[in-house]
Amino acid sequence: MRRLWPHAIVHYEGTVIRPPSEADSIILQVTVGCSHNRCTFCGTYKDEPFRIKDAATVEEDLAFAASFCRRQQRVFLADGDVLILPQHRLVALLGRIRELLPWVRRVSLYGNAKSIRAKSVAELRELKTLGLDRVYLGLESGHDPTLTAILKGADSEKMIAAGRRVREAGLFLSVTVLLGVAGAEHSQAHAQATGRVLSRMAPNQIAALSLMLLPNTPLYRDEQAGRFRLPSPAGLLAELRTIVAHLDLDRVQFQSNHASNYLPINARLSRDREAVLNMIDAALAGTLPLTPEHHRRL
């Protein structure tokens, strides 16, 4: 089915999921769903078995983009984990993007720790030479008990190894963390560990999102049964502050501008650390307004 999105018309199945920074990109769906699809907080692909789309459909969408998306200079490869594709498929795909969309300057995709670690540094470098520029990795937490509880499929050491492999290949690494995912009980332990893991991973960009419980997820059912308690807005801000305070990085873009967050931040750390901490403190003190609840969304 062809659907009209703000910036491209493509064969797209399901809901478009992409990072905020890919809002103006051509969204080219190469896989449907997520290869892992077991995280307890995520309801995006729960009813969608993972599969790789047939090459003919992807080729048709590329041909359409070649004719009608000539103003867009970025391509985002969807859905949840395109990096899981065999190397020869990715090489061929990036080659066709370069051939049919020569004006495109950046190709990005999601990659989980397993799929990243399944690629050698040499293979990732090969993808970079063909146009891959950016990998988005969902860390969610650096706290191992939380990673186990949410069925993330990797512990913090595997996450760090995956992130470092992306950086070693010369690719831009954007890492997502999830405020509230450890619940109120482990909130600060999660935040402290997340700051430390991010420091070891050394991404180019960090994006903080806030957990919003979805009815089709195990974590929502745990909350309804009293087994999980989401931190208050103040608790989420306290997590955010702790993460920033525990970051030991000289140069990283830090953002909490996703629509799920109560306090939008766009800063360069460590240059803006004190300003960011002061902003969070003002929000905690009630002198800086938060995003209204009815404006928050996934």
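The values are calculated or read from the model by the stated rules, or taken from the named source; none is laboratory data. Bear in mind that the values here come from a model prediction, so they are computed numbers and not experimental data. Here the Cβ is made from the backbone with ideal geometry for all residues, glycine too, and neighbour counts use every protein chain on show.
Values for this structure:
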item: Meets criteria (in contact (Cβ under 8 Å) with a residue 60 or more places away in the chain, outside the structural domain of residue 216 (by TED's automatic domain parsing), small (Gly, Ala, Ser) and closer than 30 Å to residue 227 by Cβ) for residue 80; result: yes
item: Single match in 196, 268 (criterion: within 20 Å of residue 144 (Cα to Cα), assigned by TED's automatic domain parsing to the domain that holds residue 295 and either over 18 Å from the mean Cα position of the chain (by Cα) or free of Cβ contacts under 8 Å to residues at least 24 places away in the same chain (or both)); result: 196
item: Count of the range 75-99 residues which are surrounded by 20 or more Cβ atoms within 10 Å (Cβ to Cβ) and not hydrophobic (A, V, I, L, M, F, W, C); result: 3
item: Check on residue 105, over 24 Å from residue 209 (Cα atoms), in contact (Cβ under 8 Å) with a residue 12 or more places away in the chain and surrounded by fewer than 16 Cβ atoms within 10 Å (Cβ to Cβ); result: yes
item: Lone unmet requirement of (1) of a type outside the set (Lys, Arg); (2) crowded, with 18+ Cβ neighbours inside 10 Å; (3) out of contact with any Pro (no Cβ under 6 Å at 6 or more places or on another chain) for residue 250; result: (2)
item: Residues satisfying the stated conditions in the range 206-221, i.e. under 18 Å from the mean Cα position of the chain (by Cα) and among the polar types (S, T, N, Q); result: 210
item: Yes/no for residue 193 being among the aliphatic types (A, V, I, L, M) and either surrounded by fewer than 18 Cβ atoms within 10 Å (Cβ to Cβ) or part of a helix (DSSP H, G or I) (or both); result: yes
item: Unique residue being in contact with a Gly (Cβ under 6 Å, 6 or more places away or on another chain), part of a loop (DSSP other than H, G, I, E, B), touching a residue at least 24 places away in the same chain (Cβ under 8 Å) and under 22 Å from residue 192 (Cβ atoms) when the list is 263, 247; result: 247
item: Answer from 238, 208, 225 - the residue that is among the aliphatic types (A, V, I, L, M) and without any contact (Cβ under 8 Å) to a residue 40 or more places away in the chain; result: 225
item: Some residue of the range 277-296 being closer than 18 Å to residue 176 by Cβ and touching a residue at least 40 places away in the same chain (Cβ under 8 Å); result: yes
item: Residue satisfying all of: in the range 253-270; in contact with a Lys or Arg (Cβ under 7 Å, 6 or more places away or on another chain) and of a type in the set (S, T, N, Q); surrounded by the most Cβ atoms within 10 Å (Cβ to Cβ) among these; result: 260
item: Matching residues in the range 218-241 - criterion: being out of contact with any Asp or Glu (no Cβ under 9 Å at 6 or more places or on another chain), surrounded by fewer than 20 Cβ atoms within 10 Å (Cβ to Cβ) and not aliphatic (A, V, I, L, M); result: 218, 220, 221, 222, 223, 224, 226, 227, 232, 235
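Condition check ((1) in contact with a strand residue (DSSP E or B) (Cβ under 9 Å, 6 or more places away or on another chain); (2) closer than 19 Å to residue 188 by Cα) across all residues:
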{"site": "230", "(1), (2)": "no, yes"}
{"site": "237", "(1), (2)": "yes, yes"}
{"site": "242", "(1), (2)": "no, yes"}
{"site": "247", "(1), (2)": "yes, yes"}
{"site": "251", "(1), (2)": "yes, no"}
{"site": "256", "(1), (2)": "yes, yes"}
{"site": "264", "(1), (2)": "yes, no"}
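Per-residue answers, yes or no, for (1) touching a residue at least 12 places away in the same chain (Cβ under 8 Å); (2) surrounded by 14 or more Cβ atoms within 10 Å (Cβ to Cβ):
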position	(1), (2)
20	yes, no
27	yes, yes
37	yes, yes
71	no, no
117	yes, yes
